Structures are given as C-alpha cells and as structure tokens.
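Have a look at the structure below, then the notes.
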Amino acid sequence: PECHCVREGKLEHTLARDLVPGDTVCLSVGDRVPADLRLFEAVDLSVDESSLTGETAPCSKVTAPQPAANGDLASRSNIAFMGTLVRCGKAKGIVIGTGENSEFGEVFKMMQAEEAPKTPLQKSMDLLGKQLSFYSFGIIGIIMLVGWLLGKDILEMFTISVSLAVAAIPEGLPIVVTVTLALGVMRMVKKRAIVKKLPIVETLGCCNVICSDKTGTLTKNEMTVTHILTSDGLHAEVTGVGYNQFGEVIVDGDVVHGFYNPAVSRIVEAGCVCNDAVIRNNTLMGKPTEGALIALAMKMGLDGLQQDYIRKAEYPFSSEQKWMAVKCVHRTQQDRPEICFMKGAYEQVIKYCTTYNSKGQTLALTQQQRDLYQQEKARMGSAGLRVLALASGPELGQLTFLGLVGIIDPPRTGVKEAVTTLIASGVSIKMITGDSQETAIAIASRLGLYSKTSQSVSGEEVDTMEVQHLSQIVPKVAVFYRASPRHKMKIIKSLQKNGAVVAMTGDGVNDAVALKAADIGVAMGQTGTDVCKEAADMILVDDDFQTIMSAIEEGKGIYNNIKNFVRFQLSTSIAALTLISLATLMNFPNPLNAMQILWINIIMDGPPAQSLGVEPVDKDVIRKPPRNWKDSILTKNLILKILVSSIIIVCGTLFVFWRELRDNVITPRDTTMTFTCFVFFDMFNALSSRSQTKSVFEIGLCSNKMFCYAVLGSIMGQLLVIYFPPLQKVFQTESLSILDLLFLLGLTSSVCIVSEIIKKVERSREKVQKNAGSASSSFLEFYPKI
C-alpha cells in the first residue's frame, strides 16, 4: 500500500515497503498504518486495532510518553501499529519498526504455519471419495471371494482386484476440484477480478443477494457540484465536470466570479476552508466530495482561501456524526475572534444553526425557513444530487446557515444492464448508502433497482428494529439510506438469518466491517481504500460492477464443470466395477486384464477427465437461479444420468465380449475388442458429459480445444496399444481391422446418442413447463378483471 511520507520537507507518495526507521509518516482518516509509528502530533486520532488485538472499539491515541508495559499493546497509546486503521482524526509519526520487525510482523510469522481450510465443495468431494472407496473395496472384496469360490486362479483374481481398486477409487477427484477452482480464478483475473480466497469461487455460484454501496461502486465517484442554493433562496447553476477549474458558476444568466456575489462566495468559502482535499495537476488527493468543493472554488477563483486561514481546531468527519467542522482565524487578522466552518448532511448541520443569512443580514432561523430548506433539499435529492449543507459562525451551536450545494455522482457505464441481468437471474440487489432518501431512490430508480412496489428504510429505522423483525421485511427493501457501518452489519446479519448468501460491495472505510461479515466481500481496486481491499474476498481491478456478474457467471460455470467431471468419473467407475462383477458372477473369463484396467484408469483420471474442468462457461448459465449451497452435488437427475450411461457401457461391452467369445476360448482378439470397446465408450461418454443440458453440437464440438486434444491423444494412444508390437505384448492385444473399428465406433456412440435424447426430452419438458407457467400467470393477471 501507499502512504504519505515527509522527506526533505516535502510531502510525497511512498510505497510502504520503501519506508525505513526514522521516516516521518502522515496519517488521515481511512489510512492503513504502513509501519509501527511513534506519534509526535495527533488531532483527535482514533485507531481501529481489531486486526491486531481483537478489540473492536477504536483506540484513542496521544503523543505524550507512556510508562513501560510488559507486552500490553493497548497501553502503548502513543504508538500506531502497522496494519491498523485510522478511524478518525489525523496524525504524524516517526517510523520505529517495519515489516517483520513490527508487531504485526510478529503475528504474521506465527500465521505462516497455518493452512487454509478446505472449501465446502472440497469437503463434499472428500466425503464422496471416501464413500466410493468404501463401496469399491466392498465390491472388489466380493469379486475376489466369488472368483475364488468358483475356482478361478487366486493370483489372477488378486491382480485384477488391485487394478480395479486403482481404477475405481477416484483418487484424482480432490485434485480436479482444486485445479478447476484455480483455473476459474485464473479466468476471473482475465476479467479483471482478483480472488483472494479460493472458496469464494465456489460461493459465487450460490450468491443470491448483493448489498452494494452506492458511491464509487454503482456510481463513478467523480463528484461535481452542479447546483447551489443560498440561504436567502438564490439558485446558481455550475458547469464543468472533473477536478479542475474548467467551468462557471451562473446566477440569473450572469457568470459569478470571486466575491461578486457574497451569498454564493460565502458558501464556496465555507466549503473550501472546511476541507482536507488537495487538487494538484487535476489529480485529487482526498475525498471526492471535498474535491468537488475545491473544484467549485477553483471555478470561482477562490481556491486560495484554504491558505488564508490558520486552523486552530478540527472536528473530523465520521460516518456516525455525518459532519465536519474546523475552527480558524484569518492569517492576516489573527487578533479577530475565531470562526467556525461546518459542512455535512443537512439534518445534522441545521441542528447547530440558530440564524441564517438573508441579503447580507443575519436573521433568526425560524421553523418556516427550516421547512423551506428541507423542501429544497428534498427537491435536489430527488434529482439524484448528493446534498451538503454549509454553515459558519463563532461557535458550534451558534452557526449561521449559509445554504446547500448539490453534487452529482453519475452512475457507472454498464451498471444498469448488469443490474437488469442479475435481477432476472434471481439475484436480489440492495443499495446501502449514507445519502438521503431522495438521492438514494433517484439513483436506484435510474439503475432499475427501485420500483413502485419497492420499499426504502433509513438507518434510524434499522436501529429501532430487532434482527428478527428486520429479517422479515428486508426481502422487500431495495434501498437503505442514511446507513452507517453498524446498520450495514445488521442488514447483512438479517439477510443471512433468512438463509441468503450475501455479497457486499464497497470502496470506503465505512464498508470494511460489512465486507468482512458478508459471505463474499467485494472491494473496488481503483477507488477502494487499503482496509477495504484487505477485508474483501474479491477485488474488482477496474471498479466495474459488471465484473461481479461475470464472477457469478464463472462461479456457476465452475460448479457445472465439476458436476460434469463427477458424472464422467462415476459412470466409468461404476461401469468398470459392474463389468468385472457380472463377468465373475456369470463365470465368464475376465474381459479385461490388469494392464488394460490400469490404462482405462489413466483415461478416467487423465487428460479427457481433466479437460472437462476447463469447459467454457455456458452463456445461459447467468440466467439460471443461484443454487442452494446446502444442495448435494449428486442430484437425482445426475444420478439417473450416471446410471443410464453406466448401464449402456456395461451392456455394450458385455455384448462385444459375448459376441467374440462364442467359441468359449478367450483370445487376444477377444480382450482387444472388449478393451477397445470400453475405451471408445469412455470417449463418447466424456463427449456427452461436457454439458448436462445442451447438445454437443449446440456448445460446439471444438469449443473446448483442450478436450479435443485430450480425446485425440487418448485415441492415438489406444491405436498404439492395438497396433504397436511392443505395446501389444504389454497389454496382450492384437491388431483389429478397419471394419472392427467402425463396428465399435457405431456401437459405442450409443451412449452419446441416448444422452442427447435425454437432454432433448428435458429441454422440451422445461419449455412446456415454462409456457404453462406463463399461461398461468397471464390467466391470474386477467382473472381479477373478470
């Protein structure tokens, strides 16, 4: 992460890894402390040390020397520890420890030995592997016992049983799951999404609720003042966008500059002085909202006002109080009384005002004026503007109300389309913002999040509700406004209480706690703060909300690929076990020898099987509803398809073996035909397993190049086993004619043909049900009119 470091008297951006003991570091709200610092200057500094000490309450910091303590971090209140978060205030400190030599480094050393927990999918795959191993060993034991009782050679039966154990036990299952998840992570990186934790790839496919912060996530976070209302009712329009001086302030058609209009200039002065942002070379250093006020001052030529005042005291902004104030004196008139400037949410600022400015006169603030300002604030908010109130005066509580400014934060490109697609697929999206109700609803309506049937709830209302009550109404709520971090936490907990899998997106400090509590925390890569990124499970590199849709699509696709692999693996394992079992029970010679079974195992766990894990994501998968994370991967439908494929493979292979064994004497040709038949069945089975719902022709025969190479490689390997003399001796095979191969290809393609017929029937049934549902809905809509 980057930090602000003073070197040679100049403030510069420096990477935390470049800091050395003795450097001076400046801290402000939202910064992650880059190293252990001994503080020598602090203004109302409060640091969240929960990542280090586990204490959730912020720790106040001072500069005074503290008595020595025996390793008690909480008592060392004059030191800011590396990795902790500045909740409010600002400070300067000298670096005393970096990297491994910091307190955080000591904890990190202990953490390195810890292994990451297995994902729920990996656990279920492990359980499936154990169950298959148990049943396989049981069946293999029965095969050995029956073969011995029937008088077969015990050594031969033992060799066959060991080969079957190697083939039937899915030792590659956990590896394939992990590799498939890892390949999914790599594909998501190409889509500009960085996944920090592997389990999140799986969880994304289950996500059914997205709680999104508005500013910087659904919107661009490029704030621009577009409207000004003075306390005496004067309206001004502001042109230009971005953090620069290009634009004008227009009142009644006239351009206002400098102090030409005192009512407007006093608002601009308050917004410029009560501000910590700096704009250099059209680049903002600070918060976007404050940057918009500095840009407004630049347009009026008043941006130098920041340097005209000496700050005596500061009351930093926090998401709880929703206002900021400074106490200053003019640099050239220091003998005059101090003056306070305040900016923040209208509902909070107006509480500290007793008067208002009207055409140069200071008048008592009446309820009528308050109602008028409230109406104007609501009007500006309903237009999608973020509204800030400004005031000045001798003391907090004796301020003069100056007016309102409306700041617009335009929606990001493509967000509306992504929102529409996600809602259509069954993912509910809820906006949680600190803005007013009017502004929040205006933006939500513009993005398609809010409709006439939707509800909106304030942070104060959330405070008064129990989690049980909130969990009952939260499904109907689309917008939460005037929300603080504790409200976001409560909202997420209520959704999770309903069984929802919640993804939380955000970019600011106030989102960090909620990101940690959500099932999937998503941070913005460009505008997100360091603490936000650290708390998140996934980072959007380009801050594009559409990437979330791609990530959910990828999560669903990965799960489908794992199901495809399980279908292929189980159907082949069951077929191999059943084939040998039936041959033993029917007192037939063994249709496959040990080397042939091991070769089949290579195909089962080798390239053809692995290539199913990299199958391209189906474009229609995003339209499917999120799956329940509690659902087993082995659904009734999947088990049916596995059994059908296994029965066809067993029947077809036994038919070939019986056909070749008519003379009751087993020859290399008999086993070669049976062996090749089983391998070809495997190839066609893998082809039909590429999709559970779509035809292989619909998804494209060559859409998965790795699969094509794997199948071609397996077929070439099989031909070498049949026709290459050294391998003929190893596998006990002999050459087959072209007619034999054509016969086997025709027979083994039946497993793919039957699978295609089943898919066609399922698609037709689904289409009929969908049409019936649409007709029912139309009837219900019409019925009340009758």
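Bear in mind that the values in this text are calculations on the coordinates, not laboratory data. The shown structure was predicted, so the numbers you read here are calculated from the model rather than taken from an experiment. Cβ coordinates were reconstructed from backbone atoms using ideal geometry, including for glycine residues, and neighbour counts include every protein chain displayed.
Would you work out the relative contact order for the chain, in percent, from Cα pairs under 8 angstrom that are 6 or more residues apart?
In percent, rounded to a whole number, it is 12.
If R0 is 25 Å, what FRET efficiency do you get for THR332 and ASP232 from their C-beta distance, rounded to 0.05?
0.30
Using a cut-off of 13 Å between beta-carbons, work out the net charge of the residues near LYS359 (Lys and Arg +1, Asp and Glu -1, LYS359 not included).
That works out to 0.
At ALA378 and ILE96, where each label point lies 7 Å from the Cα along Cα→Cβ, what is the point-to-point distance in nanometres?
Going by the 7 Å Cα→Cβ label model, 5.5 nm.
Apply the a/c threshold of 1.5 to the C-alpha gyration tensor of the chain and tell me whether it is rounded, prolate or oblate.
It comes out prolate by the Cα gyration axes.
For LYS10, put the label point 7 Å out on the Cα→Cβ axis and report which residues of segment 280-304 keep their amide N under 13 Å from it.
So the set is empty, nothing qualifies.
Under the 0.36 nm per residue contour assumption, what length would be gained going from the current alpha-carbon distance of ARG763 and LEU396 to full extension?
Here the answer is 125.2 nm.
Within the set of other residues whose C-beta is less than 9 Å from the C-beta of ALA440, count the net charge using Lys and Arg as +1 and Asp and Glu as -1.
Counting the neighbours of ALA440, the net charge comes to 0.
Which far-off residues, 5 or more places away or on another chain, put their amide H under 5 Å from the one on LEU45, with H placed in the peptide plane?
Result for LEU45 returns LYS61, LYS90.
For the chain, find the longest principal axis of its Cα atoms and tell me its angle to the long axis of helix 288-299, 0 to 90°, nearest 10.
So the helix axis and the longest Cα principal axis differ by about 50 degrees.
If each of ARG17 and VAL166 carries a label point 7 Å out from its Cα toward its Cβ, how far apart are those two points in nm?
With each label point 7 Å from Cα toward Cβ, the separation is 4.6 nm.
Once you have the Cα-Cα distance between VAL62 and TYR260, take 0.36 nm times their residue separation minus that, and quote the gain in nm to one decimal.
Value of the extension gain: 66.8 nm.
For ILE310 and THR366, what is the calculated FRET efficiency with R₀ set at 30 Å and r taken between the beta-carbons, to the nearest 0.05?
That gives a FRET efficiency of 0.30.
Step through the table entries LYS351/LYS377; LYS430/LYS490; LYS92/LYS516; LYS322/LYS351, compare each Cα-Cα distance with 22 Å, and write down the pairs that go over it.
As for pairs spanning more than 22 Å Cα to Cα, those are LYS92/LYS516.
For VAL209, what residues show an amide H to amide H distance below 5 Å, using hydrogens built from the backbone and excluding near sequence neighbours?
SER428, VAL501, ALA503
Provide the net charge surrounding VAL617, with neighbours chosen by a C-beta distance below 10 Å and charges set as Lys +1, Arg +1, Asp -1, Glu -1.
Counting the neighbours of VAL617, the net charge comes to -2.
For a quick check: with amide H placed at 1.01 Å from N, whose amide H comes under 5 Å from SER318's, ignoring anything fewer than 5 positions away on the same chain?
HN-HN under 5 Å from SER318: TRP323.
In whole Å, how far is the Cα centre of segment 664-700 from that of segment 213-245?
66
Hey, can you rank 725-736, 704-715, 287-298, 195-206 by average C-beta count inside 10 Å, highest first?
Going by the mean number of other Cβ atoms within 10 Å, highest first, we get 287-298, 195-206, 704-715, 725-736.
Counting only C-alpha contacts under 8 Å and six or more residues apart, can you give the relative contact order of segment 673-774 as a whole percent?
43
What FRET efficiency comes out for ASP153 versus SER735 if R0 is 41 angstrom and r is the Cβ-Cβ distance? Round to the nearest 0.05.
My answer for the efficiency is 0.90.
As I understand it, the value is the acute angle between the Cα axis of helix 262-273 and the longest principal axis of the Cα atoms of the chain; what does it come to in degrees, rounded to 10?
Compared with the principal axis, the helix lies near 50 degrees.
Does segment 228-408 come out rounded, prolate or oblate, given a ≥ b ≥ c as the square roots of the eigenvalues of its C-alpha gyration tensor, rounded meaning a/c under 1.5 and, failing that, prolate meaning a/b above b/c?
Cα axes put segment 228-408 in the rounded bin.
Please work out the C-alpha center-to-center distance from segment 462-480 to segment 320-385 and express it in whole Å.
Taking the Cα centre of segment 320-385 as reference, the centre of segment 462-480 is 33 Å away.
Can you work out ³J(HN,Hα) from phi for every residue in segment 408-425, in order, using Karplus 6.51 cos²θ - 1.76 cosθ + 1.60 and θ = phi - 60°, giving whole Hz and x for Gly and Pro?
In residue order, the calculated couplings are 9, 10, x, x, 6, 5, x, 5, 4, 5, 5, 4, 4, 5, 5, 5, 5, 8 Hz.
With θ set to phi - 60°, apply the Karplus curve 6.51 cos²θ - 1.76 cosθ + 1.60 along segment 32-44 and write out the HN-Hα couplings as whole Hz, x wherever there is a Gly or Pro.
8, 4, x, 7, 5, 10, 8, 6, 10, 8, 8, 10, 6
Residue by residue through segment 591-603, which ³J(HN,Hα) values in whole Hz follow from phi under the Karplus form 6.51 cos²θ - 1.76 cosθ + 1.60 (θ = phi - 60°), with glycine and proline marked x?
x, 10, 8, 4, 5, 5, 5, 5, 5, 4, 4, 4, 5
By average Cβ neighbour count within 10 Å, what is the ranking of 644-651, 488-495 from highest down?
Per-residue mean Cβ counts within 10 Å order the peptides as 488-495, 644-651.
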